[in-house]
1. Which length gain, in nm to one decimal place, applies between Leu139 and Asp239 when the Cα-Cα distance is subtracted from 0.36 nm times their residue separation?
2. How big, on average over all directions, is the shadow cast by the Cα convex hull of the stretch 1-121, in nm²?
3. Pull out a ≥ b ≥ c, the square roots of the eigenvalues of the alpha-carbon gyration tensor of the chain, then state rounded if a/c is under 1.5, prolate if not and a/b is larger than b/c, and oblate in the remaining case.
4. Above 18 angstrom, tally the Cα pairs of the stretch 38-82 and express them as a % of all pairs, no decimals.
5. What is the projected area of the convex hull of the Cα atoms of the stretch 174-260, averaged over all directions, in nm²?
6. Compute the Cα gyration tensor for the stretch 67-217, then decide on rounded, prolate or oblate, letting a ≥ b ≥ c be the square roots of its eigenvalues: rounded whenever a/c is under 1.5, prolate when a/b is larger than b/c in the other cases, and oblate in all that remain.
7. Taking square-rooted eigenvalues a ≥ b ≥ c of the alpha carbon gyration tensor, is the stretch 116-200 rounded, prolate or oblate, where a/c under 1.5 means rounded and, failing that, a/b exceeding b/c means prolate?
8. Under 8 Å for C-alpha pairs, at least 6 residues apart: give me the relative contact order for the chain, rounded to a whole percent.
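Values quoted throughout were computed directly from the atomic coordinates according to the rules given, and no laboratory measurement underlies them. Nothing here was measured: the structure is a model prediction, and the numbers come from that model. FYI the Cβ positions are ideal-geometry reconstructions off the backbone, even for glycines, and counts take in every protein chain you see.
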Amino acid sequence: MRLQAVDVKLGYGDRTIVDGLDLGIEAGTVTTIIGPNGCGKSTLLRALGRLLRPQGGEVLLDGKRIDRIPTREVAKILGVLPQAPTAPEGLTVADLVARGRHPHQTWYRQWSSDDEAAVGEALAMTGLADLAERPLDELSGGQRQRAWISMALAQGTDLLLLDEPTTFLDLAHQVEVLELVRQLHREASRTIVMVLHDLNLAARYADRLVAMRDGRVVAAGDPHEVLTEELMREVFELDAKIITDPVAGTPLVIPIGTHR
């Protein structure tokens, strides 16, 4: 497993969000975590990205405890895009993406041709090369998300954690961002873990779904195995019909009504 949570307990202060959770992320896959609000999805992603220290259990990166790996080394392996990231006013796309090279900087190694090449490649991969000198606040929502993903790519990591990368985007921009994620996975075999709310988009763009409720994993596996009418009732308290997406061949959720 590329990334593992082993019997982890997560929370904030005295409030426990996740307790006794086990999860493995296989190399070279796109895994999407789904579940109702407050179930612990983002909390789990923060722990996987070493942004939140477990109160119990451990997170393993390539078989090693992530909290024992130097921060700079983790940043060279794993990139994290938090939910609704913010940047200073007036920051250009190129400046933002260049920040992804910080883990590679030391007092004796400053900006180099390798850094310049990494930034250029990240901008090209996300289709933002022509917008490099534009301020972030002049871009559309989809373009801004691509800029943040570019920054993560510039880190040179092959493991990306994306917390609700389509939040606040209209449907066209959601598809734009997820098509980029799929492209990054296909072209470079990157391991990607996302949190998404839209179940149909999650099913279409993920190799593997992880369904959570009340801080525990209820089901994990192929989207066809996970997205069932029984799971919709158990996890989302929703009566739904599951059919096959006529375009993608993936599960398609048709809501019927709440099930309480």
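1. Length difference between fully extended and current span is 32.1 nm.
2. That works out to 9.8 nm².
3. On the way: a/c = 1.99, a/b = 1.35, b/c = 1.47.
Because a/c hits 1.5 or more and a/b fails to exceed b/c, the chain counts as oblate.
4. Values: 229 of 990 pairs.
Every Cα pair in the stretch 38-82 considered, those over 18 Å come to 23 percent.
5. 6.0 nm²
6. oblate
7. The shape class here is oblate.
8. On the way: 509 pairs, mean separation 61.3, N = 260.
RCO, the chain: 24 percent.
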